[in-house]
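Notes to accompany the following structure.
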Amino acid sequence: MRVCGVELKGNDANICLLSMSEGLFDLPDCRVRRVSLENTTTQAALIGFQFAFAKLIADYKIDKVIIRQRNMKGKFSGGAVGFKLEAAIELIQDLKVEIVSPIETKEILKQNPVQISFVETGLKAFQEPAFTTAYASLIA
């Protein structure tokens, strides 16, 4: 199964592709590390974001998108733009989307820790939440 872990931060969807086959994990190369919404006030920009994300998913034959959940209230709540991005991703035709809470991810990682250090993955530091979300979803 090939999944795309997503962390929504500001105007960006930070992504990490991860696949698992016969108990082995693979980090496929990807042409982008994040998909951005350039203009948050126009419908055309949001449609462009959705198209770019859908194209990425189709090109890499992703089976499921795993989005890291954000708080709706409180000090660390997600912004309005992030929820727009989440809705745009969830509304992509024929795409399975799962939203996983950071608490759930933490519990899964406690029981099944990643066997290599994050630095060895070759990913950028800002991709770590997307990676851990995807990993936890695949291992669960």
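The values are calculated or read from the model by the stated rules, or taken from the named source; none is laboratory data. None of these values were measured; they are calculated from a predicted model. For neighbour counting, all protein chains shown are included, and Cβ atoms are generated from backbone atoms with ideal geometry for every residue, glycine included.
What pairs come up if the first residue lies in region 28-52 and is in contact (Cβ under 8 Å) with a residue 12 or more places away in the chain and polar (S, T, N, Q), the second is in a loop (DSSP other than H, G, I, E, B) and surrounded by 15 or more Cβ atoms within 10 Å (Cβ to Cβ), and their beta carbons are under 7 Å apart, counting only those six or more places apart or on different chains?
Cβ pairs passing all conditions: Ser36/Asn11; Thr40/Asn11; Gln50/Ile92.
What is the one condition in (1) within 18 Å of Glu7 (Cβ to Cβ); (2) at pLDDT below 95; (3) charged (D, E, K, R); (4) out of contact with any helix residue (DSSP H, G or I) (no Cβ under 7 Å at 6 or more places or on another chain) that Arg70 does not satisfy?
Going through (1) within 18 Å of Glu7 (Cβ to Cβ); (2) at pLDDT below 95; (3) charged (D, E, K, R); (4) out of contact with any helix residue (DSSP H, G or I) (no Cβ under 7 Å at 6 or more places or on another chain) one by one, Arg70 breaks only (4).
Across region 94-125, what is the total count of residues that are without any contact (Cβ under 8 Å) to a residue 24 or more places away in the chain and part of a loop (DSSP other than H, G, I, E, B)?
Qualifying residue count for the region: 6.
Given the residues Gly48, Gly82, which is the only one that is in contact with a Gly (Cβ under 8 Å, 6 or more places away or on another chain) and in a helix (DSSP H, G or I)?
Gly82
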